[in-house]
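Read through the structure below, which is laid out as structure tokens, and then see the notes.
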Amino acid sequence: MKDKKFILAFIPARGGSKGIPKKNIIKLNNKPLIQYTLDLCRKNLNVDDYFVSTDSREIKKVLSKLDYINEYKRPKNLSNDSASMVDTVLHGVKWYEKKNKVKVNSIILLQPTSPIRDIDELNSAINFFRKKKLKSLFSACDMRESPYECIELSKNLNS
């Protein structure tokens with residue numbers, strides 16, 4: 001199909017986490033957290049390929065045990081708490097395009113810290129995105145908690 005856009009599932013898996021150290025490879029039900037996302041991508045997710053962006057040797061070792069070989073290493077300036085996800089994705093996609101000689105048109109961001117996903121819902125959204133020739137699409141859900149419990153206000157409103 002000449003018109004078909006190349007969709008890449010982008011999996012950001014940074015090694016340094018202050019809240020929960022090594023959270024992307026912590027075991028949940030005897031599987032590393034990142035494995036849930038890899039399994040989803042391997043289970044007929046309607047994308048052209050998937051790509052893990054990591055800076056961690058330890059995550060790369062886990063990926064290797066899961067039969068995912070990762071040559072890409074996220075740079076340090078895109079691996080800290082203040083790094084922008086947009087910059088991280090742009091850098092990784094640029095590397096991926098050069099390595100694979102392909103033009104990525106669209107990205108689906110799959111964070112390993114959200115392991116419970118319905119593949120049918122994702123594929124439905126991806127098919128809708130393709131069919132309607134959309135430029136972007138995002139998902140949202142109702143919050144269970146009050147927004148006041150999710151936002152911390154500073155006494156100094158200028159900071």
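Tabulated values for the structure
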{"read-out": "Candidates Lys61, Lys18 - the one that is assigned to a loop (DSSP other than H, G, I, E, B) and either among the charged types (D, E, K, R) or open to solvent by less than 30 Å² (accessible area, probe 1.4 Å) (or both)", "value": "Lys18"}
{"read-out": "So Asp67, is it among the acidic types (Asp, Glu), part of a helix (DSSP H, G or I) and open to solvent by 30 Å² or more (accessible area, probe 1.4 Å)", "value": "no"}
{"read-out": "Residue satisfying condition, being among the hydroxyl-bearing types (Ser, Thr, Tyr), under 19 Å from Phe138 (Cα atoms), open to solvent by 20 Å² or more (accessible area, probe 1.4 Å) and not in a loop (DSSP other than H, G, I, E, B), within set Tyr36, Tyr50", "value": "Tyr50"}
{"read-out": "Flag if Phe129 is part of a helix (DSSP H, G or I) and either of a type outside the set (D, E, K, R) or surrounded by fewer than 11 Cβ atoms within 10 Å (Cβ to Cβ) (or both)", "value": "yes"}
{"read-out": "Residue pairs meeting the criteria (Cβ under 8 Å; at least 6 apart or on separate chains; first more than 22 Å from Leu78 (Cα to Cα) and surrounded by fewer than 17 Cβ atoms within 10 Å (Cβ to Cβ), in the stretch 95-107; second hydroxyl-bearing (Ser, Thr, Tyr) and at pLDDT 95 or above)", "value": "Val102/Tyr96"}
{"read-out": "Test: residue in the stretch 1-13 that is open to solvent by 30 Å² or more (accessible area, probe 1.4 Å), of a type in the set (A, V, I, L, M, F, W, C) and in contact (Cβ under 8 Å) with a residue 24 or more places away in the chain", "value": "yes"}
{"read-out": "Residue within the stretch 70-79 that is in a loop (DSSP other than H, G, I, E, B), among the hydroxyl-bearing types (Ser, Thr, Tyr) and surrounded by fewer than 20 Cβ atoms within 10 Å (Cβ to Cβ) present", "value": "yes"}
{"read-out": "The stretch 89-110, residues that are in contact with a Lys or Arg (Cβ under 7 Å, 6 or more places away or on another chain) and part of a loop (DSSP other than H, G, I, E, B)", "value": "Asn105"}
{"read-out": "Conditions (1) among the hydroxyl-bearing types (Ser, Thr, Tyr); (2) open to solvent by 70 Å² or more (accessible area, probe 1.4 Å); (3) not in a loop (DSSP other than H, G, I, E, B); number of the one not met by Ser82", "value": "(3)"}
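The values are calculated or read from the model by the stated rules, or taken from the named source; none is laboratory data. Computed from a prediction, not measured in an experiment: that's the story for all the values here. All Cβ positions, glycine included, derive from the backbone under ideal geometry; neighbour counts span all protein chains shown. To get the accessible areas, we keep the full protein, side chains included, count just its heavy atoms, and leave off ligands, DNA and RNA. Shrake-Rupley method; radii C 1.70, N 1.55, O 1.52, S 1.80 Å.
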